[in-house]
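The values are calculated or read from the model by the stated rules, or taken from the named source; none is laboratory data. Every value quoted in this text rests on a predicted model; they were computed, and no experiment measured them. Here Cβ is always computed from backbone atoms with ideal geometry, including for glycine, and neighbour counts include all displayed protein chains.
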Amino acid sequence: MKNKHVYWPVFGTLLALSLVSCGAQQNAEKVVLPDLYGLSVRQAKLQVGASFLFEEIQTPTTELIEGRILSYGDGLKAGDMVSKGTRVPVQVSQRSKEATANDDSIIAYHNIIAKETGPDSINGEMLSAAGEYGCDLGIPFRLPDNRMMLLYGDTFSGDNMSGMWFSNYMAITSDTTFYDGITFDSVVTQDNGMLKPFAQGAHQSGSEDDLTKEVTKIPTGGISVNGNAYIFYMSIRYWGVGGSWLVTYNQALKAADNTYQTWEPVESLRWNESEFRFGGQIYPYQDPNDQEHIYFITIPGGRNDGAVMMRVATSSFENRSEYEYLVGPNQWEKGDTGMSKLNANPYYIIDPAASELSMTWSEYLQQYVIITLRGSSISMLLSPTITGPYRESHAICSSTEYPGLYGGFVHSAFMDSEGQRMYLQLSRWTPIYNTFLMEVVLTDR
């Protein structure tokens, strides 16, 4: 009996404490988990304040750039309630294990995300059915209906550039989520289901001096202006040694309708090599900071010269006599006079050498960005003004990593994470002739 008098009070005390504890837990203040997807850890912590603590779970992925919130862990989701002050698991994106760090003040890392073309690519089934085995380029531009068109160059139905030879083809996409690659809606095809070039080259044996010969027709850019879609292409008459080719003229085409089956030459928009040697490769660009003009970066054939610039009022797009040529810093000269001055005394916005150009405006950097091949590296050139000069250069990747590397096409639509990530469509001529999508992630500001 003596022992009972000792233990019963102790048991009663423990029971009372347990009940108090349960009551405290039941009465603890609850908070709702907010939607943190896509925020940086710093942004997310500022948003939740003292509501709860993070238990970070590093998760390699390309879905978001490094350091962004993917989701909650342990089955939790936005809208759930937890006790205030508790530790909540969150999955935080980490760069893919295949990503390569850049030793650069602006570029953090780069990574090939997907093979875009070829039989084993993310679009392989569609492309194989249409006769594509290998191709290059993939220059993006926005169509009037807001979808994207991608312009590909010389395309072959067989391995090692064999089989049917299409000088070019067009793919159309409404995809806006690029972290897993760009998926095509369709490609423009002939009645037999094979690829339909916007203009087929003659595929003749070329000559340096014979302007009547044509090897192929290759796109150099595209743009939609005043509700119409346009493609610019170069007519190549001769392939020289690596990185060298001769262009007889550059021609603009206009889509006949929204099926993009038929493209008609805009007779006024043709630049012959004999009159404008920089008019071989013409890349058009709509500056979001200047809606009154369309700008063009232009270079001769090959990869050995520098880039110059011309522009035209948007309302006069098809009138070549209204085109202005940048002949000096902030000096525009109209018409044939400006073209002649630029021929005689080039004002380079990019010093030699430049090739396969594309351009965009970066809100993140507050600078204009031109992507080009410099030496053996795909590089990003920067300028605070559209007219340059573009002398600040940052190497993104090189042919040491990716043999046969060239191209590198960007577009304002090819960005996410408030512009901190851009996507490039790259070409390789070896060991396999096809295109790839790369993510380029900039450093935190």
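Considering only region 179-202, state which residues are in a loop (DSSP other than H, G, I, E, B) and touching a strand residue (DSSP E or B) at 6+ places or on another chain (Cβ under 6 Å).
Scanning region 179-202 gives G181, I182, F184, D185, V188, K196, P197, F198, A199, G201.
If I ask for residues that are of a type in the set (D, E) and touching a Pro at 6+ places or on another chain (Cβ under 6 Å), which ones from region 278-322 would you list?
Result: D305, single match.
Residue by residue through region 174-203, note down the ones that are surrounded by 19 or more Cβ atoms within 10 Å (Cβ to Cβ), among the β-branched types (V, I, T) and within 16 Å of the chain's Cα centre (by Cα).
Within region 174-203, just I182 meets the criteria.
Looking only at region 100-124, count every residue that is assigned to a loop (DSSP other than H, G, I, E, B) and free of Cβ contacts under 8 Å to residues at least 60 places away in the same chain and tell me the total.
Total meeting the criteria: 3.
So in region 130-155, with the set limited to residues that are assigned to a loop (DSSP other than H, G, I, E, B) and more than 21 Å from T259 (Cβ to Cβ), which one is farthest from the chain's Cα centre (by Cα)?
Y133
Look at A171 and say whether it is touching a strand residue (DSSP E or B) at 6+ places or on another chain (Cβ under 9 Å) and surrounded by 20 or more Cβ atoms within 10 Å (Cβ to Cβ).
Answer is yes for this residue.
For region 373-420, please list each of the strands (runs of 3 or more DSSP E) lying entirely inside it that holds at least 2 residues being farther than 19 Å from G153 by Cβ.
Output list reads 377-383, 392-398.
When you go through (1) without any contact (Cβ under 8 Å) to a residue 60 or more places away in the chain; (2) buried (at least 21 other Cβ atoms within 10 Å of the Cβ); (3) more than 27 Å from the chain's Cα centre (by Cα) one by one for S268, which number turns out not to apply?
The single condition S268 does not satisfy is (2).
Picking from L127, L76, L64, which residue would you name as being in contact with a Leu (Cβ under 9 Å, 6 or more places away or on another chain), of a type in the set (A, V, I, L, M, F, W, C), assigned to a helix (DSSP H, G or I) and surrounded by 15 or more Cβ atoms within 10 Å (Cβ to Cβ)?
Unique residue meeting the criteria: L127.
Any residue at all in region 50-58 that's within 34 Å of the chain's Cα centre (by Cα), in contact (Cβ under 8 Å) with a residue 24 or more places away in the chain and at positive phi?
No, because not a single residue in region 50-58 is within 34 Å of the chain's Cα centre (by Cα), in contact (Cβ under 8 Å) with a residue 24 or more places away in the chain and at positive phi.
Just give me the residues in region 157-178 being of a type in the set (A, V, I, L, M, F, W, C) and either part of a loop (DSSP other than H, G, I, E, B) or closer than 28 Å to I113 by Cβ (or both), in sequence order.
Passing the criteria: M161, F166, M170, A171, I172, F178.
If I filter region 235-253 for residues that are over 19 Å from M339 (Cα atoms), free of Cβ contacts under 8 Å to residues at least 12 places away in the same chain and assigned by TED's automatic domain parsing to the domain that holds L137, do I get at least one hit?
The answer is yes, given that some residue of region 235-253 is over 19 Å from M339 (Cα atoms), free of Cβ contacts under 8 Å to residues at least 12 places away in the same chain and assigned by TED's automatic domain parsing to the domain that holds L137.
Tell me, please, whether a residue that is acidic (D, E) and crowded, with 18+ Cβ neighbours inside 10 Å can be found in region 343-361.
yes
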